[in-house]
Every structure is written in C-alpha cells, then in structure tokens.
Amino acid sequence: MKTYILPSLKLTGILILICSVFYPLLITVFGWMSPGNGGGEKILRKGSVVGYANIGQKFTEAKYFQGRPSNCDYNAAGSGGSNKAPSNVEYLAIVQARIDTFLIDNPTIHKSEIPSDLVTASGSGLDPNISVQSARIQVSRIAMERGKSEKEINQLIDQLIEKPLLGIFGPEKVNVLKLNLALDEL
Amino acid sequence: MGIDQSHGSMEGKEVRFGSHASAYWSIVTTVISTGSVNSMHDSSMPVSGTMQLLGMMTNAFYGGCGVGILNYYIFIIIAVFISGLMVGRTPEFLGRKIEAREMKIATIIALLHPFLILVGTAISTYVFTKDPSVGWLNNPGYHGFSEMLYENTSSAANNGSGFEGLGDNNWFWNVSTGFILILGRFLPIIGPVAIAGILAKKKYIPESTGTLRTDTGTFGIMTYAVIMILAALAFFPALVLGPLAEYFTLYHPK
C-alpha cells in the first residue's frame, strides 16, 4: 500500500508545482519581456491610444487604406473566420461581390491586379496587415481623394513595409493602422 | 476568378503568416497532435485538407504527443510479424518472440483507429442524410462530408483541431465524439502496455542466424509500407468521397 500511494502523492505534488506554478510564471515573464509588457502593443497618436498593432480595425472611408474583409466585422469580442470551402457556391458569390465592389471604388484598377488577400476574409477576422500589392493598388484612389501625388504615397508604403519573420514566414506586409496614421500626417 | 493569385488562397489565413506557412503549420499540427492552428482548416484547399486528415489518420509519428510512439510500436510489431512470415524467419523483437497473442492485441489496436473514425463518420452521415434539418454543415457537397470525417478523425487521434464550420456543439457530436475520444485515447495505451507485459515475461533469446534483423533499412521500409498500407487501405475510400472528390470537381469541372 505504502509503496504505491506515497510515490503517487509525491509525483502529484511535484507536477502541481511544475504545471500550475512554474509554467505560468515562466509565461508571465515572457509576457513582461514582450512589446507592451504583455498588455498588447498600443499605438498612440497625440498621447491617446488609437489602436493595437496586432488587432485590425475597419476603415471604410475612401481616403484611407482599407484592410481585409472580415467575417466578424472586426469585432474583437467575437473573432472568427467564415470556414467556407473553396468549392462552396455561396462563398464564391461573396468573393465575386467583394471584387465588384472593389472595382467600383477603384475604377483605375483592372480585375487581374487584385491580390487574393484583399477579397478573402482572414481566419481571425482581425488581420491587422495587408500585403504590399494590396496597398499599392489602393494608391491611385487615395491620391485622388487627398489630392496628393501617387509618388508620395508609394514612398510612404515603402517606409512601412514589414519584412517576413526570419525572412521565410509569410509575404511582405504593411500594417493598415500605421499606414493610415502616417497618411494623415503627410 | 480572374484575380491575382500570387498570394495563394488567403481565405481563413492571416497575411503575417501567408498561405505557405499556414498550410505548413496546418499539417505539422495534425502530425504532432497539438491541435493549435494559425489558419482556419475548413477554408484550406482540398489537397491541404487531405494532408491534414492523413496526418491524423496515420497517427503514428513519434514526437507527437498523445499516442504517437505507442502506435508506431504497434506497427513495428505487425511489421516484424509480417516480414518474419514472408522470409520464413522467427519473428523476434528486442530478443523476444512475437506470437499469436501479441499479434492479436496489436491488430486490434491498429484496426481500432480506422474503425472508430469510419463508424463515427458513417453514423453522423446517416443521421445527417436522414434529417438534413439538423443543419451541421457549413459547406455543401463533398466538403460537408470532409467536415464530418475531420471531426471524427480529430477526436480519435486526440487532436482537437477541426473543420470548424461544422456546428458541433450539440448533444449528438458531444456524445459521439466523447466516446471516440475515450476509446481512441485509452485503448491504444492499454494495448502496447499489455504487449510489453507479455514480452517481458518471455525468455530472452540471443540473436542467431535465424533472427530477422530489425535495425536495417529494409525493415524500416517494411514498417513504412505497413503504416502506409494500413492507413491508405483503411482511409482511402473515405478520402475519395471527401477532399479528393472536392479537388477533382474544383479543377476539372463538368
């Protein structure tokens, strides 16, 4: 009896210590070391918080760069993707509608130039980034709305391009919120 | 649809990961049984979906948490026995004879995984076709079948990821996948432990010329073939009905 129960109790105690004390502490330390000290990376403008770097926001006005479509309408309390399959007819109709809307808003763009990330919803619904091509094809519309030259806006995008992690994971991207803030200061 | 596809299928994926890294992780996560995702598997293209399913269907990658190494061990026992019979040598593993009793246990465990998945999928498909108003499926056609297949595979392989379009928070899915989870987790633990107990009781036989060597490349290929045949033979029909059929309708429409 004693030979089995005592070691089991000891093992349980040790595992409780490792799993519910040391491991959470380790993770908390990692959190403190990360940008924003674990509270999220805030983006400030004139001293007030306008958003978080890793949570996407919705931009509808024509003078701003638009982010990706969102299945949850950028509602961070109920994030999620559409879970639609590429063979789903209803889903293809939704994508077609997005393409048509985009072409109406950006009359100078040809359909074959639209990158796929700009008309498909992200998995989280809160994607803060768009690909560089998605930013470039919105330049002519924004230049017209704001009365700026396309060259200026393209230079702004060049400054804000984020390289892929370790050079291999994912394409080059731009943070929509940072880009729009920089746009307002132009 | 005539747009620029250089980024791949981005539905359900984040720009910071891109479609390549997302597809890669979706397969890694099913192989190592963590169930963590960085994209929505339901929106993956059919070939990625097939690979995600195969990762869980094989369920014998060691390094994977859960029962990875245990299932690999079962397949080794089966491979030893089969190749022993093929070349007419005594099937031995680690200096102990493999006999009928161990083989029976190993076969039951190896067949349990496909049995749980396919029976589970068959029951859920039957319930769905009998009364489509239950409304589980987020996608029609072949992909709907894949959703149900994935849910059962994921619970039998203790993975936890899912084709999350499936409306699975109702009593049918909670009860049926609960049963699959318990059986799929504990029986593959009990089986190999029982085999180990039986083998430990046997007398150690030193290696002789009649022994089938298990540390050669040939035996490695043999084990691989056994795993592939068991996984492919058991699951291929189901895969044909699900993701493969979807693939061919996507790229070769009528």
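Evaluated with a Cβ-only charge set (Lys, Arg +1; Asp, Glu -1), chain B carries a dipole of roughly 1100 debye about its Cα centre, given to the nearest 20. For B:F93, the residues whose modelled amide H falls within less than 5 Å of its own, excluding neighbours fewer than 5 places apart on the same chain, are B:I98.
So what is the orientation-averaged projected area of the stretch A:1-86, using the convex hull of its C-alpha atoms, in nm²? In nm², the orientation-averaged hull projection of the stretch A:1-86 is 11.5. Over the stretch B:67-251, the fraction of Cα-Cα pairs per 5 Å bin, rounded to whole percents and listed from the shortest bin up, is 1, 7, 14, 17, 15, 12, 10, 8, 6, 4, 3, 1, 0, 0. Considering only C-alpha atoms, what is the centroid distance from the stretch B:12-34 to the stretch A:14-50, in Å? Taking the Cα centre of the stretch A:14-50 as reference, the centre of the stretch B:12-34 is 24 Å away. Within 10 Å of the Cβ of each residue in B:20-26, the mean number of Cβ atoms contributed by other protein chains is 2. The mean count of C-beta atoms from other chains within 10 Å of the C-beta of residues in B:37-48, rounded to a whole number, is 4. Along the stretch B:180-191 the Karplus relation, 6.51 cos²θ - 1.76 cosθ + 1.60 evaluated at θ = phi - 60°, assigns HN-Hα couplings of 4, 4, 5, 5, x, 8, 8, 4, x, 8, 5, x Hz to successive residues, with x for each Gly and Pro.
Using just its DSSP H runs of length 4 or more, each adding -39500 (n - 2.57), chain A gives a mean residue ellipticity at 222 nm of -12500 deg cm²/dmol after division by all residues. If you sort the three axes of the alpha carbon gyration tensor as a ≥ b ≥ c, you get a/c of 1.5 or more for the stretch B:148-241 and a/b no higher than b/c, which makes it oblate. Here the ratio of the Cα radius of gyration of chain A to 2.2 N^0.38 Å is 1.43.
What the phi angles of the stretch B:121-131 give under the Karplus curve with 6.51, -1.76 and 1.60, with θ = phi - 60°, is a coupling list of 5, 4, 5, 5, 5, 4, 4, 5, 5, 5, 9 Hz, glycine and proline written as x. The ranking of B:M51, B:M57 from fewest to most other beta carbons within 10 Å of each one's beta carbon is B:M51, B:M57. Between A:Y23, A:V139, A:S122, the Cα set farthest toward the positive side of the dipole of chain A (charges on each charged residue's Cβ, about the Cα centre) is that of A:Y23. Phi angles across the stretch B:169-178 convert, under the Karplus curve 6.51 cos²θ - 1.76 cosθ + 1.60 with θ = phi - 60°, into 3J(HN,Hα) values of 8, 9, 5, 4, 5, 5, 6, 5, 6, x Hz, Gly and Pro given as x. For the peptide A:72-85, the mean number of other protein chain Cβ atoms found within 10 angstrom of a residue's Cβ is 5. The alpha carbon gyration tensor of the protein assembly as shown gives principal lengths a ≥ b ≥ c with a/c of 1.5 or higher and a/b greater than b/c, which makes the shape prolate.
Counting only whole DSSP H helices of chain A, the ones at least 15 Å long by C-alpha along their axis and with mean Kyte-Doolittle hydropathy no lower than -0.5 are A:2-17, A:23-33, A:89-105. Exposure proxy for B:S6, B:S43: other Cβ atoms within 10 Å of each Cβ, ordered fewest to most, give B:S6, B:S43.
Residues whose amide H lies under 5 Å from that of B:V15, counting only those 5 or more places away or on a different chain, are A:N129; hydrogens are built 1.01 Å from N in the peptide plane. For A:Y52, the residues whose amide H sits under 5 Å from its own are A:I43, ignoring neighbours fewer than 5 places away on the same chain, with H placed 1.01 Å from N.
Value of Rg to Rh for the stretch B:1-113, rounded to two decimals, is 1.19; Kirkwood radius and Rg both from alpha-carbon coordinates. Projecting the Cα atoms of B:V175, B:M228, B:N158 onto the dipole axis of the stretch B:67-251, where Lys and Arg carry +1 and Asp and Glu carry -1 at the beta carbon, places B:M228 farthest toward the positive end.
Summing Cβ point charges (Lys, Arg +1; Asp, Glu -1) relative to the Cα centre of the protein assembly as shown gives a dipole of roughly 1400 debye.
Ranked for footprinting exposure by Cβ neighbours inside 10 Å, fewest first, B:R101, A:R98 give B:R101, A:R98.
All of the numbers you see were taken from the coordinates with simple rules; none came from a lab. Quantities reported herein were computed from a predicted structural model and do not represent experimental measurements. Counting neighbours? That spans all protein chains shown, and the Cβs are built from the backbone with ideal geometry, glycine included.
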